[in-house]
Structure formats: structure tokens, C-alpha cells
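Colleague: Below are the C-alpha cells for one structure; questions will follow.
The values are calculated or read from the model by the stated rules, or taken from the named source; none is laboratory data. Note that the structure is predicted; figures quoted are calculated from it, not measured. Because the Cβ atoms are built from the backbone with ideal geometry, glycine has one as well, and the counts that use them run over all protein chains shown. Surface areas here come from the heavy atoms of the whole protein model, side chains and all, with no ligands, DNA or RNA. Shrake-Rupley method; radii C 1.70, N 1.55, O 1.52, S 1.80 Å.
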Amino acid sequence: MQLELIICGLLLQLSSQGPTHDEIDFEFLGNVSGEPYTLHTNVFTQGRGGREQQFYLWFDPTKNFHTYSIIWKPQHIVFLVDNTPIRVFKNAESVGVPYPKNQPMRIYSSLWNADDWATRGGLVKIDWSKAPFTAYYRNFNAQTCSGSCTSSNSKFSNGEWQSQELDAYSRRRLRWVQKNFMIYDYCTDYKRFVHGIPAECRKSRFL
């Protein structure tokens, strides 16, 4: 899906329903004027999230349309911006981590009010005098795949979407984004996880 922001926040998610729902999130958080926009990602499994990674982007998302994609496969979930992978959440069921695979999900996208936490931890509230808040969408595309699935529209490594892992080029791009643009990673928040990082964080996110 391509979108152009005017005012944040904006939510793009896959989600099931109920207290033990699964959810895969792209969220643009609110910002202070002149500050970069924060792209927030999260993965919920069986009703539990807390797997946040946040990024500043290498462009201003309000100036033009950009493509935001989620590839959801049995092996991993890949978050992409303009066909560049920014995050991989791997299936870690082998070490006891639930993975979103058994619940059907719907696609949602909406503007939303989260000023209790989203902008500087809730310190900055929405200025309702600037309403209405808008975002623009185009080129929505959803594909379901069983067996081999390729997309003529994707530049994601020009490879098969059902391949087991990212190829070398995609891994380099992922490292570039995470080295230069990641501003928060729950896997390195040792103050939050004083008894040890979550089990999925012990697996390489680049493979």
C-alpha cells in the first residue's frame, strides 16, 4: 500500500479479534513540529505485544507517496518501506515463542488518537485546532500465496516470496536501516527486561 501522511498518527495493521488476538503493526506516531516522524512496528501473538521496534525514515513521509508492505509467511514476517526491509520477526516457536499463524486477520488502516502514549511518551497532546487530519492512499495490493508466489510489482530482491530467508542484498539493506535509522529495539532494552531479553531476541534478525 502507498500512503502520504499529512498529520500523524496513522495505523496500518493486520489483526484478528478477541483477547488472544494476533496483530502485525505499522504505526506512524505523532511528532513535535520540526522533529522526524517515528515509524513504530509491533507484533502481537496470542494477545501479547511488547515487541516494538521504532525508526526514523530516510525521507519525509509527508512529502510524497511511499510504499509500506508486510510479508507474512510461516518462516517470518518482513516489514518493508519502499521495498527495503526494515525489520524481520522470525518464527521462534522452536524456543517456545508463539507465532501468528493460526488466526485469520483483517487489514485495517486508519487515523487514530493515541496521545496518551504516542508522542514523547504522552507528553505532547493532539492540537485539535489543526483538524481535520488526513492521509492519502493509493495502489493497495494484497496477495495470498500457497506454494510458490512471486510478484511482478515487487522489487524485493527480485526473488520468490516463499524463499526461506532474505538474500544477501536484502540483508545488507536491512543492516543499513537498522544501523542508521532504528531508534528503539525492545531486544536491547535491558532496563525493561531485567531478567533477560525475550527468547526470540537471541536469534539473528538478519538471516
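Colleague: So for segment 50-107, averaging the separation of alpha carbon pairs under 8 Å that are six or more residues apart and normalising by length, what relative contact order in percent results?
Modeller: Details: 52 pairs, mean separation 11.4, N = 58.
Averaging sequence separation for qualifying contacts and normalising by length gives 20 percent for segment 50-107.
Colleague: Test of understanding: what is the full-extension gain from Asn180 to Asn64, defined as 0.36 nm times their sequence separation minus their Cα-Cα distance?
Modeller: So the chain would gain 39.6 nm between Asn180 and Asn64.
Colleague: Further question: Just the number, please: carbon plus sulfur as a percent of the accessible area of segment 1-147, 1.4 Å probe, no ligands or DNA/RNA counted. Walk me through the numbers on the way to the answer.
Modeller: Details: 3630 of 7250 Å².
Roughly 50 percent, rounded to a whole number.
Colleague: Obtain the nm distance between the two label points defined at Arg192 and Arg172 by a simple spin-label model: each point lies 7 Å from its Cα along the Cα-to-C-beta direction.
Modeller: 3.1 nm
Colleague: Please work out the C-alpha center-to-center distance from segment 66-118 to segment 41-62 and express it in whole Å.
Modeller: That distance is 8 Å.
Colleague: Placing +1 at every Lys and Arg Cβ and -1 at every Asp and Glu Cβ, with all other atoms neutral, what dipole size does segment 18-127 have around its Cα centre, in debye to the nearest 20? Can you show the working numbers first?
Modeller: Details: 10 positive and 12 negative charges, 74 e Å.
Approximately 360 debye in magnitude.
Colleague: Compute the distance in nm between two label points, each set 7 Å from the Cα along the Cα-to-Cβ direction, one at Arg106 and one at Gln75.
Modeller: For Arg106 paired with Gln75, the spin-label model returns 3.2 nm.
Colleague: Ser16 to Glu52: FRET efficiency via 1/(1 + (r/R0)^6), r the Cβ-Cβ distance, R0 22 Å, to the nearest 0.05? Before the final figure, lay out the partial values.
Modeller: On the way: r = 19 Å, r/R0 = 0.88.
About 0.70, to the nearest 0.05.
Colleague: Still on this structure, I have one more. By a straight-distance test (C-alpha under 23 Å), which lysines pair with Lys203 as possible cross-link partners, with residues fewer than eight away in the same chain excluded?
Modeller: Lys73, Lys90, Lys101, Lys179, Lys191
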